[in-house]
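Structure, as structure tokens:
The values are calculated or read from the model by the stated rules, or taken from the named source; none is laboratory data. Computed from a prediction, not measured in an experiment: that's the story for all the values here. Cβ placement follows ideal geometry from the backbone for every residue including glycine, while neighbour counts extend to all protein chains displayed. Side chains are part of the model used for accessible areas, which takes the heavy atoms of the whole protein and leaves out ligands, DNA and RNA. Shrake-Rupley method; radii C 1.70, N 1.55, O 1.52, S 1.80 Å.
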Amino acid sequence: MKHEYEAIVIGAGPAGAACGITLQKSGITNCVIDKAVFPRSKTCAGLVTGKTYKLIEQLFDNEVDDGIFCAVSSEVRLFSKTELLTAAPITNPVRLVNRIDFDNALVKRYISLDGKLFQGERSYTIDYKKSCITLSNGDVLCGKTLIFADGTLSQAHKLIDVPRERLAFGVEAYVPSSVISTKSVDLYFDYLDNGYVWVFPHGNTVCVGAANQYNKNDDYIKVLSGVLSDLGAKDCNVKNIGAFLPYGYVVPQNKLPQNVLLTGDAGGFADPISGEGLYMSMKTGILAAEAVKSGKPKEAYLKSVKPLQQIIRDGKKMQKLFYKPSIHQKLFRKVKGNRRFVTFYFDNQVDEYRYTYRQMSKLYKEYKKTK
């Protein structure tokens, strides 16, 4: 059987679900395909900043069920290994999600709008020239635009070269909060040369993860095990999960066919400094849907994501400087005990993009004025 759509979305994570929801609300025929059956797990720290929460409100028409959040935090703490550098209050508390529940809630929202979801499709084939996808049961789905939201190792990357050394790799584990207890957003540096460790509250558990510029010679499980040991969870029996993650590489979408758009991790959309991915995933999913509505999907989409791509490119330059040992240590000396600056930075650069990474000197000058 053959089915015709304006757009087909490949991947039902936050980017794909946000795209599908926006397409449904716009009255544009579409379907979403995913290899998994929801609910399913996903490697992710689960931080929901203020700018991300606004997108969630948009997708749920301002009727957000707080049950999709597993924790709320009003503090960020920075560490150099186990040495506490500073503990700073967050003006607008951040929320945290467990991706099993959060992604499932987004998928349910899409279905509630009469969206068509094909899940558990692990063996479908794609004909890019005909813009069609053949499912495992033989059904053929054809869409004018193929929107990929299928993660960092997207199927669409087979059409171009996306070097893995330009990506990051992350591992994480969930530990009972009775073993590791924190109510703050904790970031640990110096366990990795070009990355960091996160320890975030997740209700009855704590999410402990580590991400670094990908290197096939690195033993990520060993690093994570060392962190867990330092935090008092050496004997805790945990299941480690890992995945490739975007790390400042913008996938060149102009090299892809006109009918192909990449959103979220598939397009490299994640902040290279904070590592935040949920905001850009949902934002690009929404922008892709709006581009389809414009009638000129590729042109409109590439124009709309330029500001996000610039954040990534500038952030990548900042990332290289940040992890340079001499600069890294100098910054930590400045940050140590400086709660006010950490709060100012988090409020203005993490919770909201009030400054670009090109405006870091401006950010610091504005901070100095608050003293």
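Observations, loosely collected:
- Computed over the chain, the per-residue total of -39500 (n - 2.57) for DSSP H runs of n ≥ 4 gives a 222 nm mean residue ellipticity of -9500 deg cm²/dmol, rounded to 500.
- Residue-normalised accessible area of the chain, expressed per residue, 1.4 Å probe, Å²: 46 Å²
- Rg over Rh for region 33-131 works out to 1.11, using Cα positions for both radii and the Kirkwood form for Rh.
- Share of carbon and sulfur in the accessible heavy-atom surface of the chain [1.4 Å probe, %]: 49 percent
- Unpaired cysteine residues in the chain (no second Cys Cβ under 4.7 Å): 19, 31, 44, 70, 207, 236.
- Mean Cβ count within 10 Å, highest first, over the residues of peptides 9-22, 267-280: 9-22, 267-280
- Each Cα pair under 8 Å and six or more residues apart adds its sequence gap; the mean of these over the residue count of region 7-139 is a relative contact order of 32 percent.
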